[in-house]
Amino acid sequence: MRALNRIVILGLVAASLFSGTAFSEPADFSEKLDIGISTDEIAITSDFRGADLTIFGAIDGFDQNLLAQGKYNIVVALEGPKENATVRKKERVFGIWINRHSMTFELVPESYSLSSTRDIDTIAPPGDMNNMGIGVDHMRLTPMGYIGDGSSLAEFRDAFRRAKENSGVYQRDPGGVQFISSSLFKASVRLPADVPNGVHVVRAYLFRDRVFVAAKALPLRVVKTGIEQAITRAAHESPLLYGFLAVLLAVITGWIASIVFRRD
Amino acid sequence: MTVYLPIAELSVNIFIILGMGAAVGFLSGMFGVGGGFLITPLLIFYNIPPVVAVATGANQVVASSISGAITHFRRGTIDIKLGTVLLCGGLAGATLGVWIFSFLRRIGQLDLVISLMYVLLLGTVGTLMLIESISALRKASKNQAVALRKPGQHNWVHRLPLKMRFKKSKIYLSVIPVAALGFSIGILTSVMGVGGGFIMVPAMIYLLRIPTNVVVGTSLFQIIFVSAYTVIVQASANYSVDIVLAFVLMIAGVIGAQYGVRVGQRLRGEQLRALLALLVLAVGLRLAVELVIPPKEVYSVVSAGLGF
């Protein structure tokens with residue numbers, strides 16, 4: 001059942017990869033982009049403190065002159081699984097700070113690490129980045145439900161980005177992509193210690209002289225392993241049994257303690 | 001050394017968790033309380049999602065109450081009949097509590113309500129205990145007898161119908177206030193992750209006039225079952241019991257409790273109560289300050305997962 005789920009999820013991701021990149025891929029460029037990662041799975045063990053992921057890639061069919069002039073730029077993003085996210089705003093009511101207003105954004109990545117050859121705002125015009133949703137500042141944040149006259153949209157979006165960047169789950173590294181030979185490049189992205197579990201997507205974008213040329217995407221699974229995975233599974237798949245086990249563990253611990261430290 | 005908490009989904013320093021467990025265990029051993037009212041706020045201060053902190057706190061309460069209950073059972077100081085009536089109310093209260101908990105979580109006011117309830121409860125109980133213990137200390141210094149229970153004195157509670165005879169406690173009492181007390185404590189257990197002993201014990205002594213010798217054992221009896229029930233229901237409804245976190249807390253807690261008991265035995269009852277009152281007030285104050293001072297960031301972000 002679980003294996004089946006995984007296949008379905010991968011299938012969905014694959015489908016979204018194609019639909020996500022097809023919209024702006026012009027036909028008249030000769031360049032192609034290829035990327036590869038050393039692993040398609042990151043295991044979260046009990047001592048997990050984050051990980052660095054290195055992505056290798058190559059530009060095929062490049063123009064020698066343009067490459068020599070440094071006209072090619074690459075952006076690599078690691079997008080976490082998408083979830084609806086709610087931003088809440090506190091206000092003072094009778095002297096107490098209370099959540100008063102909220103806005104929910106539809107399916108935003110839970111984590112986002114961006115790495116590029118230089119600051120992405122110098123790679124392509126902001127409008128293009130907005131269209132493709134590349135970068136923390138350009139990511140699509142679509143509010144759900146009623147948001148009144150929309151005047152607070154910008155402030156909630158800013159707050160969302162600020163919170164995500166401050167907590168380290170959204171990060172950017174404007175020097176993280178380096179060319180290691182004429183057309184081969186290496187990108188490193190950081191996975192924070194509290195990286196969400198699930199299917200992440202590595203997306204790479206190639207720009208030539210401020211124009212988007214090609215994109216490529218690969219899935220990356222982040223999974224809990226060993227005992228962590230067994231515990232999570234038990235908690236979600238047989239919660240009643242898990243609850244009984246938690247109680248049993250407490251009873252045994254308390255009981256053993258009362259024997260070991262018995263004084264009367 | 002860090003340890004990954006699979007349900008809270010974050011890495012924590014194991015020594016901080018061990019330290020928390022040991023410190024709370026020490027205090028709970030010293031004062032004879034479950035320690036849920038300390039462990040849950042501490043976990044929240046340490047950035048554990050409140051949802052996980054409450055459910056896991058209830059699990060820790062089970063472990064820390066068991067050894068006390070076993071001792072009382074051996075000595076025969078548990079009134080099972082009275083405990084069962086309390087428990088019936090408690091289970092109903094805990095069921096309602098979990099429902100309230102899920103509802104508050106959905107509308108985004110869970111953290112606020114948990115904090116407010118702690119401030120209110122700890123503030124009230126702490127103040128009452130402090131007043132009572134100071135006057136007891138004064139009387140003790142004047143060599144007057146300290147009487148917790150004034151026999152023969154009746155209040156409105158004893159005029160209620162549906163009376164039942166509790167042989168062990170040697171009282172004839174209506175089941176209504178007993179079940180109602182259990183019910184209220186049950187709600188607190190599932191919403192706040194506390195055992196509720198620090199409210200139940202005074203209520204049983206002062207309100208229901210139950211003899212002091214059976215009060216602690218009987219309240220522990222009720223606390224164990226209601227907390228265990230809460231853990232199971234929280235695990236089923238919110239998937240929020242972190243067994244790794246709970247286990248680390250328990251181990252440190254039961255060991256810390258042993259040392260706490262030794263220190264506690266050297267202090268006099270009213271001194272202990274005064275110290276406990278100060279501790280309760282301090283935790284309440286810390287939470288109250290959090291509510292009143294302007295937050296550094298007025299915005300907070302939650303995903304569809306545990307943050308709710």
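Bear in mind these aren't lab numbers, they're just calculated from the coordinates by the rules spelled out. Computed from a prediction, not measured in an experiment: that's the story for all the values here. Virtual Cβ from ideal backbone geometry, glycine too; neighbours counted across all protein chains shown.
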Handout entry: For region B:54-67, 3J(HN,Hα) per residue [Karplus equation, 6.51 cos²θ - 1.76 cosθ + 1.60, θ = phi - 60°, Hz, x = Gly/Pro]
Key = 5, 5, 6, x, 4, 5, 5, 4, 4, 4, 6, 8, 4, 5
Completion exercise
Plugging the Cβ-Cβ distance of A:Thr225 and B:Ile176 into 1/(1 + (r/R0)^6) at R0 = 45 Å yields, to the nearest 0.05, a FRET efficiency of 0.25
Practice task
Calculate, for B:Ile80 and B:Ile100, the FRET efficiency according to 1/(1 + (r/R0)^6) with r their C-beta to C-beta distance and R0 22 Å; round to the nearest 0.05.
Solution key: 0.15
Exercise for the section: Could you work out the local net charge near A:Asn84, counting Lys and Arg as +1, Asp and Glu as -1, over the other residues with Cβ closer than 11 Å to its Cβ? Expected result: -2
Exercise for the section: Compute from the Cα atoms of the protein assembly as shown the Rg and the Dmax, the latter being the longest Cα-Cα distance, and quote both in angstrom. Expected result: 29.0, 103
Practice task
Taking all pairs of distinct Cα atoms, average 1/r, flip it, and tell me the Kirkwood hydrodynamic radius of chain B in Å to one decimal place.
Solution key: 19.9
Completion exercise
Whole-Hz Karplus couplings 3J(HN,Hα) for region A:102-112, θ = phi - 60° and coefficients 6.51, -1.76, 1.60, Gly and Pro as x, run 8, 9, 10, 9, 7, 6, 9, x, 6, 9, 7
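To the nearest 0.05, what FRET efficiency results for A:Thr122 and B:Thr124 with a Förster distance of 45 Å applied to their C-beta separation?
After rounding, the FRET efficiency stands at 0.15.
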Practice task
Pull up the cross-link candidates among the aspartates and glutamates for A:Lys224, meaning alpha carbon to alpha carbon under 12 Å and not fewer than 8 places away within one chain.
Solution key: A:Glu41, A:Asp47, A:Asp194, B:Glu9
Exercise for the section: Can you spot the lysines whose alpha carbon is less than 26 Å from B:Lys167's alpha carbon? Ignore those fewer than 8 places along the same chain. Expected result: B:Lys81, B:Lys150
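With 30 Å as the limit, write out which pairs from A:Lys164/A:Lys186; B:Lys142/B:Lys170; A:Lys71/A:Lys164; A:Lys89/A:Lys186 have Cα-Cα distances beyond it, or answer none.
Numbers: A:Lys164/A:Lys186 26 Å; B:Lys142/B:Lys170 32 Å; A:Lys71/A:Lys164 32 Å; A:Lys89/A:Lys186 40 Å.
Those over the limit are B:Lys142/B:Lys170; A:Lys71/A:Lys164; A:Lys89/A:Lys186.
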Exercise for the section: Please give the calculated 222 nm ellipticity per residue for the protein assembly as shown, where each DSSP H segment of at least 4 residues contributes -39500 (n - 2.57) and the sum is spread over every residue; nearest 500 deg cm²/dmol? Expected result: -17500 deg cm²/dmol
Completion exercise
Expected vector for region A:208-214, Karplus 3J(HN,Hα) from phi with 6.51, -1.76, 1.60 and θ = phi - 60°, integer Hz, x for Gly and Pro, equals 10, 6, 6, 10, 5, 10, 8
Fill in the blank from the handout: Semi-axes (Å, rounded, descending) of the ellipsoid equivalent to chain A per its C-alpha gyration tensor are 41, 26, 17
Fill in the blank from the handout: Residues whose modelled amide H sits under 5 Å from the amide H of A:Ala51, counting only those 5 or more places away in sequence or on another chain, are A:Leu191
Practice task
Would you grab the residues whose amide H sits under 5 Å from the one on B:Met164? Only those 5+ places off in sequence or on another chain, please, with H modelled 1.01 Å from N.
Solution key: B:Leu173, B:Ser174, B:Val175
Exercise for the section: Taking amide H positions as placed in the peptide plane 1.01 Å from N, state which residues far from A:Ala214 in sequence (5 or more) or on other chains have amide H under 5 Å from it. Expected result: A:Leu206
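How much net charge surrounds A:Ile74 when only the other residues with a Cβ under 12 Å from the Cβ of A:Ile74 are counted, with Lys and Arg +1 and Asp and Glu -1?
Net local charge, A:Ile74 excluded: +4.
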Fill in the blank from the handout: Straight-line reach check, A:Lys32, cutoff 12 Å on alpha carbons, 8 or more apart in-chain or any other chain, hits among aspartates and glutamates -> A:Asp60, A:Asp63
